[in-house]
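All remarks here apply to the structure that follows.
Only the coordinates and a few stated rules stand behind these numbers; no lab work does. Here the structure is a predicted model, which is why all the values come from computation and not from measurement. Neighbour counts are summed over all protein chains in view; Cβ atoms, including those assigned to glycine, are modelled from backbone coordinates with ideal geometry.
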């Protein structure tokens, strides 16, 4: 039995075998396929469908999305990594390029301010293409003569180039937009891939004449490539067996939204802001089907305030935004802390400050999320590292928020938001949880303490876990005041010093009890990888976790002794687990996507004596790490040769080095 959230939009699995008759000796360990074009050209939907097709054929897939801050035009690409083995990171470079051109290019002139945008889907993707890679480009839109050194680079790197008039082929069939389908057909032919899973996906998504036209152009492109081109490359679909279990293909945004639905969230308020918009849109699409409400409001202050109000009224509620919008939420966040109103917020990081690079990933909002709002604030913060963890930790965030009457924040970034990965469907096979946590029934309220005026003592001092059970508006005997001022037991404003100490200490006591509860559970929200007795460590947080783990595997194969720790419990901080990890290694490198080493700073704040054993590897150019960059950074730490660091990363030594 699968939960409603999981059932919402996941891709179904079909156990199709690799095509018969293929020369298996021609297969390679992995395919990394990059489709490039202009924003608005359907690159994202094309890649998602191809990723599903690869998954249905029996491969494991991982996608990486890169797009500009424009609605139409501007170079964009999506990368799909497919392997017989589990993958949870983008690879080092890629080996197959489908360049469709930019049909919305603003200016095709080289001397234009942004250069020749029309040809960028080809010219700007050559640096990462591996030796021996395959290039398919739409010669109906792209002219390689406009790339000065194209022929020389092709020869130097032994690239295999297949120019195809995809645009003309699509026009012949009546719809130019179908050049994407033609490109997928050409890809399938060159990889000797069965088109059956692609055709099934089209049949699921389309109908009528549009379906027939797309099926026809898929077949025409496939057959024409096979008939008219001599294959000079040896890249094929990797050898693989059918999946032995059911898989779903979904992103971090999907996982967060489905988890919220499964935890009984029935209200969301928000304002669109990349990349938070994906979570908001998915929730808005599915809440009506479960009796919930979605509200798009005028700004993020209103959004967070509405979520706090809905929760106060007795419904599980959430809101969220990206960095700039979350800044506006600091006042409602503080109100939720003072009134002890549970709420879950999502903060989807992007490169800042201010508008920054709205569609590029970065991990620069850590301190913003931990310390936003005035005073000695307190909240729970989780930073999932994978799609599966995004589901798990969002459910935990709701449970902790409503049990302890505290705001909980799920912080992730544009990388995790947009990447798709196949996850076992069984991971989502668990019961929903509509429980509102520490809310009293009317019978329990009648037995609880009341003031002589009849008001319910909502904020009593003497609860062991710091949680004073609450009533809901309309419950008999449950009347109290909810104010953003410091208050006494029934909610009346109070500046009495003794009351202030009692109330503040009780609220802070929750943090100790939450950490104790999280530490005592069988499962941990920290992720370990590599040999337990390794000499060196790599620590990261959030979306870089999978990339770090692949780098750890590479380093151990190279003869190093390395393990990693991915930390998700940021507040209250998972101090015991991080300390144990640091104690077990000679030194550790902290990997994160920001310029100021914010996570390393958090560790030093919580565990200051380890400052002289931690090094930093930082990246903040708008692209996530590749495994090879982490390998190079680690070798800088161990060898001391800073010249070997990748040009787009920065190594910071330990304190005192």
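For the chain, the longest principal axis of the alpha carbon atoms and the long axis of helix 43-56 meet at an angle near 90°. Among rounded, prolate and oblate, which fits the chain when a ≥ b ≥ c are the square roots of the eigenvalues of its C-alpha gyration tensor, a/c under 1.5 means rounded, and a/b larger than b/c means prolate? Prolate is the answer for the chain, as a/c is 1.5 or above and a/b outweighs b/c. Computed from the C-beta positions of residue 556 and residue 452, the FRET efficiency with R₀ = 60 Å rounds to 0.30. Fully extending the segment from residue 519 to residue 158 would add 124.6 nm, taking 0.36 nm per residue of separation and subtracting the current Cα-Cα distance. Once the Cα-Cα distance is subtracted from the 0.36 nm per residue extended length, the residue 245 to residue 431 segment shows a gain of 64.9 nm. Each of 533, 151 was scored by other Cβ atoms within 10 Å of its Cβ. Arranged with the fewest first, they read 533, 151.
Taking a point 7 Å out from the Cα of residue 512 in the direction of its Cβ, the residues of segment 468-484 whose backbone N falls within less than 17 Å of it are 468. With contributions of -39500 (n - 2.57) from each DSSP H run of at least four residues, the per-residue ellipticity at 222 nm computed over the chain stands at -10500 deg cm²/dmol. Over the C-alpha atoms of segment 338-473, the Rg to Rh ratio, Rh being the Kirkwood estimate, stands at 1.08. Model label sites at residue 196 and residue 297, defined 7 Å from Cα along the beta-carbon direction, differ in position by 5.2 nm.
Computed from the Kirkwood radius of its Cα pairs, the Stokes-Einstein diffusion coefficient for segment 17-241 at 10 °C and 1.306 mPa s stands at 90 µm²/s. Stretching the chain fully between residue 211 and residue 444 yields a gain of 77.9 nm (0.36 nm per residue, less the alpha carbon separation). Projecting label points 7 angstrom from Cα along Cα→Cβ for residue 481 and residue 535 puts them 6.6 nm apart. Model label sites at residue 606 and residue 492, defined 7 Å from Cα along the beta-carbon direction, differ in position by 4.1 nm. Please give the helix 387-404 orientation as an angle from the longest Cα principal axis of the chain, in degrees from 0 to 90, rounded to the nearest 10. Tilt relative to the chain: about 10 degrees.
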